[in-house]
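Everything below concerns the one structure shown next.
The values are calculated or read from the model by the stated rules, or taken from the named source; none is laboratory data. Please read these numbers as outputs of a predicted model, since none were measured by experiment. Note that we place each Cβ from the backbone using ideal geometry, even for glycine, and neighbour counts take in every protein chain shown. To get the accessible areas, we keep the full protein, side chains included, count just its heavy atoms, and leave off ligands, DNA and RNA. Shrake-Rupley method; radii C 1.70, N 1.55, O 1.52, S 1.80 Å.
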Amino acid sequence: MEKLIDRFGREIYYLRISVTDRCNYRCMYCMPKGGINWKPMSEILSYEEITDFVKVAASLGVRKIKLTGGEPLVRKGLHDLIAMIKSVDGIDEVSLTTNGSLLKNFGKKLKESGLDRITVSLDTLRKDKFSIITRLGNLDDVIMGVETLNNLGFRKSKINTVVMKGINDDEILDLVDFAVQVDFDIRFIELMPTDLIDDWKAHFISVEEIKKRIEKKYTLEPSNKKTNGPAVYYKLDNIDIGFITPLSHAFCSVCNRIRLTSDGFILPCLGHPDRVGTKDALRKGDFEKVKELIRYSVEIKPKEHALLNESIHSSMASVGG
Ligand code: SAM
Ligand code: SF4
């Protein structure tokens with residue numbers, strides 16, 4: 001089978017698909033208060049079109065799919081898409097990243113669709129702070145979502161936490177304890193600059209610092225956990241704690257992914273403005289062209305991101321984080 005190997009010898013087998021740019025939250029680091037100008041539904045790929053894209057990508061060696069957004073669960077019938085993608089030859093894992101607010105409603109359907117794994121974003125355990133960070137969210141919904149996943153027997157679920165100095169960095173240990181208690185792995189992520197964060201540097205806290213603070217209380221043992229993502233993991237009790245440093249170039253050299261936006265653009269790199277449109281080809285059913293466009297996106301994939309030179313995206317919601 002053909003493989004997608006880029007100019008730097010990296011094999012690309014992981015595809016992150018943003019299924020919608022819409023969201024029921026307005027996280028302070030991700031979306032403006034008033035939301036963004038949602039793309040008209042006519043611009044958004046249908047589930048059939050997304051599945052066609054996945055079939056072509058799978059024929060080129062893509063094996064792992066992550067569904068993201070915006071908030072993927074605000075798109076109606078997401079479980080149908082998951083079942084469609086799960087049945088594509090060559091795809092061996094489908095996972096989802098969600099803000100968790102709707103898991104209590106849709107968890108069962110997700111389980112039935114064959115979804116393999118779920119990551120829930122959670123930055124704070126305090127209700128008032130949760131409302132400040134997410135603007136529209138309610139912490140209880142997410143906690144219920146976490147419980148729903150455990151009750152449904154989802155294995156190896158994860159929490160993603162973006163740490164911001166002066167906002168939630170006082171809760172690092174509480175979040176670790178929470179993860180141990182609910183038996184979720186947890187990953188701490190450095191804040192990435194976007195147009196929305198005026199004083200990004202003032203809120204930035206490095207993963208070295210986050211790790212140091214955890215180590216004041218706990219001993220972290222190196223872990224051999226390997227995932228499709230860029231986290232480096234350590235063991236603590238029953239869980240793995242991961243650290244993601246988007247701003248260092250540490251993970252660019254092992255990058256294995258491309259992204260597809262909800263309106264059909266391939267992003268070869270999260271931290272670069274290049275985009276390759278595939279919607280026309282998909283809508284014409286010209287799958288040879290789609291194949292060519294995927295190969296081309298991998299060919300132009302840069303060696304490393306340019307996140308520190310410019311804030312590339314006005315909002316992570318448009319590209320799926
Ligand atoms: N709505 C879903 C969620 O919140 O998990 C999926 C989409 S969201 C864009 C994906 C991930 O990107 C989330 O974990 C979120 O915390 C992260 N993210 C968004 N903006 C970010 C930023 N400026 N820096 C670091 N992570 C960010
Ligand atoms: Fe929505 Fe996720 Fe962005 Fe928060 S991080 S605004 S939940 S897309």
Pairwise Cα inverse-distance average, inverted: Kirkwood Rh of the chain (Å): 19.9 Å
Under the helix-only model (-39500 (n - 2.57) for each DSSP H run of 4 or more, divided by the residues of the chain), the mean residue ellipticity at 222 nm, to 500 deg cm²/dmol, is -9000 deg cm²/dmol
In whole Hz, the Karplus estimates of ³J(HN,Hα) for segment 260-272 (6.51, -1.76, 1.60; θ = phi - 60°; x where Gly or Pro) are 10, 7, 5, 9, x, 9, 8, 10, x, 8, 4, x, 9
For segment 118-158, what class follows from the C-alpha gyration tensor (a ≥ b ≥ c being the square roots of its eigenvalues): rounded when a/c is under 1.5, otherwise prolate if a/b is larger than b/c, else oblate? prolate
Using a 7 Å offset from Cα along Cα-Cβ at residue 217, what residues in segment 97-138 end up with backbone N under 12 Å from the label point? none
Listed residues 219, 271, 261: farthest to the positive end of the dipole of segment 200-308 (Cβ charges): 219
Please give the helix 139-152 orientation as an angle from the longest Cα principal axis of the chain, in degrees from 0 to 90, rounded to the nearest 10. 70 degrees
Hits in segment 28-67: amide N under 18 Å from the 7 Å Cα→Cβ extension of residue 275, namely 30-32, 35-46, 50
Heavy atoms only, probe 1.4 Å: what % of the accessible area of segment 94-210 goes to carbon and sulfur, would you let me know? 49 percent
Candidate cut points under trypsin sites (Lys or Arg not before Pro) in segment 158-191, DSSP loop plus at most 16 other Cβ atoms within 10 Å of their own Cβ, are 165
Potential lengthening between residue 181 and residue 299 on full extension [0.36 nm per residue; Cα-Cα distance subtracted]: 38.1 nm
Degrees, to the nearest 10: 172-182 long Cα axis against longest axis of the chain: 70 degrees
Along segment 203-219, what does the Karplus equation 6.51 cos²θ - 1.76 cosθ + 1.60 (θ = phi - 60°) give for ³J(HN,Hα), rounded to whole Hz, x for Gly and Pro? 9, 6, 9, 7, 5, 4, 5, 4, 4, 4, 5, 5, 6, 5, 10, 10, 9
If you stretched the chain out fully between residue 33 and residue 63, how much longer would it get, using 0.36 nm times the residue separation minus the C-alpha to C-alpha distance? 7.2 nm
For the chain, with every protein chain kept in place, what is the accessible area per residue (1.4 Å probe, Å²)? 43 Å²
Of all trypsin sites (Lys or Arg not before Pro) in segment 23-59, which ones are in loop regions per DSSP and have a Cβ with at most 16 other Cβ atoms within 10 Å? 33
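As a quick test, which of the pairs 127/201; 64/165; 279/301; 64/109 have an alpha carbon distance above 23 angstrom in this structure?
Exceeds cut-off: 127/201; 64/165.
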Eligible aspartates and glutamates near residue 235 by straight Cα distance, threshold 15 Å, same-chain separation 8 or greater: 177, 183, 185, 215, 221
Quick check: residue separation of residue 169 and residue 125 times 0.36 nm, minus the Cα distance between them. What number comes out in nm? 14.7 nm
Over 21 Å apart: what share of the alpha carbon pairs of segment 1-154 falls there, rounded to a whole percent? 49 percent
Might you list the cysteines of the chain that have no disulfide-compatible partner by the rule of another cysteine's Cβ under 4.7 Å? 23, 252, 255, 269
Degrees between helix 103-113 axis and first principal axis of the chain (Cα, 0 to 90, nearest 10): 40 degrees
